[in-house]
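A.B. asks: Can you keep this structure in mind? I'll have questions shortly.
Derivation of every value follows stated rules applied to the coordinates shown; laboratory data play no part. Bear in mind the structure is a predicted one, so any value in this text is a computation, not a measurement. Methodologically, a virtual Cβ is constructed for each residue, glycine included, from the backbone with ideal geometry; neighbour enumeration extends over all protein chains shown.
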Amino acid sequence: MLIFRTFFIFVAVLFFSQSLSAQNSTVPDLPDSETMLLTVFLKHIQTMNNDERKLLTDKTGWSEMFPPEDVEIVDHYVMMGIGQVLVLKLPPEKLRAVNVAIERGAWGAYETEFYITYDLAKARAAQKAR
């Protein structure tokens with residue numbers, strides 16, 4: 001009975017380890033350590049209209065300070081009823097500069113949320129190619 005139980009555990013471990021290695025083969029390559037993606041929600045404050053928001057951001061110099069140097073806007077769009085969504089590509093050491101620029105230029109006109117982001121497009125394309 002002990003031999004059967006040991007064999008069963010061995011087979012289960014072997015199956016589980018092969019399953020994990022198969023799952024790991026579908027994980028996309030890690031992004032380079034030189035850059036990161038950051039999604040920023042600039043949520044409209046509903047008590048302000050666009051003209052009021054523009055006056056405030058003009059006063060703070062938002063368009064001159066954003067994006068900071070070495071920060072690329074990969075995508076920028078409007079979500080109706082929410083506000084603006086920006087996807088930024090930046091070196092990790094520029095994260096503080098992005099935060100400070102948003103604090104100084106956008107606060108008051110927008111509520112903000114930040115999300116570390118990664119791109120699955122390469123993984124989807126690789127999976128379709130199989």
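A.B. asks: Of all residues in region 112-130 being assigned to a loop (DSSP other than H, G, I, E, B) and touching a residue at least 40 places away in the same chain (Cβ under 8 Å), which is farthest from the chain's Cα centre (by Cα)?
C.D. replies: For region 112-130, the residue satisfying everything is L120.
A.B. asks: A further question follows. What tally of residues in region 79-91 results from selecting those that are of a type in the set (G, A, S) and surrounded by fewer than 15 Cβ atoms within 10 Å (Cβ to Cβ)?
C.D. replies: Number of matching residues: 1.
A.B. asks: Let me ask another. Of the conditions (1) of a type outside the set (D, E); (2) within 26 Å of D119 (Cβ to Cβ); (3) surrounded by 14 or more Cβ atoms within 10 Å (Cβ to Cβ), I73 clears all except one; give me its number.
C.D. replies: Only one criterion in (1) of a type outside the set (D, E); (2) within 26 Å of D119 (Cβ to Cβ); (3) surrounded by 14 or more Cβ atoms within 10 Å (Cβ to Cβ) is unmet by I73, namely (3).
A.B. asks: A further question on this structure: I want to confirm something. Restricting to region 92-111 and keeping residues that are among the hydrophobic types (A, V, I, L, M, F, W, C) and part of a helix (DSSP H, G or I), which single residue is surrounded by the fewest Cβ atoms within 10 Å (Cβ to Cβ)?
C.D. replies: Across region 92-111, the extreme among qualifying residues is V100.
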